[in-house]
Amino acid sequence: MLTELRNKLLFLLIVQLLITRSAVCQNPEPFPASKSIKGLQVQMVDDALKLGIQHAAINFALNGLYATPGDSNAIKWESHGQTFYFSRNYIESIDRTIKPLSDSGVIVYLIVLAMPSGNPELDKLLLHPNSRSDRQFPVGAFNTDTSEGKAWLAAALEFIMSRYSNENSTQGRVWGWIIGNEVNSHFMWHNRGPSTLQEVCDGYEQTMRLAHTTLRQVSTNARLYIS
């Protein structure tokens, strides 16, 4: 018990140090005011704009972002001394959805999802180790249990949050980050295999802390949401 408490306190201290260290890099712009509460989970941008929405939610599948080192078109990203590779085609398709919405004054929210890909090696990296025994689910829990999974997730969040929540972004602006989907339904929408309530909450807390620390490196007032 004492060891577990010590580890949690150490984790909190590291997170606080990271937040303090990154404060000088934050975008200080305030969260924008909207003209109405009208919003939509957007699939067709032109139709959404014609409807006059002021809020847009967009799914972002982490497995779509993944690229291999052998992909000559991949985007290289350096994080904590490691090099990661992200799919240029996927991220540019997301750009084409976000930019016309944010350029039109719509407040954009990205729903970050860990989804099974059917590729065992990729699923091993992205999905919680206990979720891979049963693939009959659309969304899995994030892999913060292995060092490789946590490093990749941290790098992916750094990449997309700096791309879309930095005040100098030219690819569109995201103001809200929804981490996961319906975590309370952890078999179908946040699958991590048979788990206790405490295990689900502890694992999701790690993901939220990682996302919060990363977001605060680039923006003071962009918002993080629990699903």
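The string of couplings for the range 183-191 from the Karplus curve (6.51, -1.76, 1.60, θ = phi - 60°) is 4, 5, 9, 7, 8, 8, 10, 7, 5 Hz, one whole number per residue in order, with x for Gly and Pro. Along the chain, counting only trypsin sites (Lys or Arg not before Pro) with a DSSP assignment other than H, G, I, E or B and at most 15 other Cβ atoms inside a 10 Å radius, the longest segment between sites is 39-134. Which shape class, rounded, prolate or oblate, goes with the range 64-140 when its Cα gyration tensor gives a ≥ b ≥ c as root eigenvalues, a/c under 1.5 marks rounded, and past that a/b bigger than b/c marks prolate? Taking the square roots of the gyration eigenvalues as a ≥ b ≥ c, the range 64-140 is oblate.
What area, in nm² and to one decimal, does the C-alpha convex hull of the range 171-227 cast on average over all directions? Averaged projected hull area, Cα only: 4.5 nm².
Using a 1.4 Å probe over the heavy atoms of the protein chains, calculate the carbon and sulfur portion of the accessible area of the range 37-138 as a whole percent.
Accessible surface attributable to carbon and sulfur in the range 37-138 totals 49 percent.
Each Lys and Arg Cβ is given +1 and each Asp and Glu Cβ -1; about its Cα centre, the chain then shows a dipole of about 360 debye. Taking the centroid of alpha carbons for each part, the range 82-103 and the range 172-209 are 23 Å apart. Not counting the cut sites, what is the longest span of the chain without GluC sites (Glu not before Pro) that DSSP labels loop and that have at most 13 other Cβ atoms within 10 Å? Between the exposed loop sites, the longest stretch runs 1-166. Label sites at Ile226 and Asp145, each approximated as a point 7 angstrom past Cα along Cα to Cβ, lie 2.1 nm apart. Taking θ as phi - 60° and the Karplus parameters 6.51, -1.76 and 1.60, the scalar couplings of the range 109-126 work out to 10, 9, 9, 8, 10, 9, 10, x, 9, x, 9, x, 5, 5, 4, 4, 6, 8 Hz in sequence order, x denoting glycine and proline. If R0 is 35 Å, the Cβ-Cβ spacing of Phe31 and Asp95 corresponds to a FRET efficiency of close to 0.95.
DSSP assigns beta bridges within the range 71-227; of those with both partners inside it, close to 45 percent run antiparallel.
Computed over the range 107-205, the convex hull of the alpha-carbon atoms projects to a mean area of 6.7 nm². For the chain, the convex hull spanned by the alpha carbon atoms encloses 137 Å³ per residue.
Once the 1.4 Å probe is applied to the protein heavy atoms, the chain comes out at 53 Å² accessible per residue.
The values are calculated or read from the model by the stated rules, or taken from the named source; none is laboratory data. The shown structure was predicted, so the numbers you read here are calculated from the model rather than taken from an experiment. Quick reminder, even Gly has a Cβ in these numbers, built from the backbone with ideal geometry, and neighbours come from all protein chains shown. Quick note on the areas: whole protein, heavy atoms, side chains included, nothing else; ligands and nucleic acids left out. Shrake-Rupley method; radii C 1.70, N 1.55, O 1.52, S 1.80 Å.
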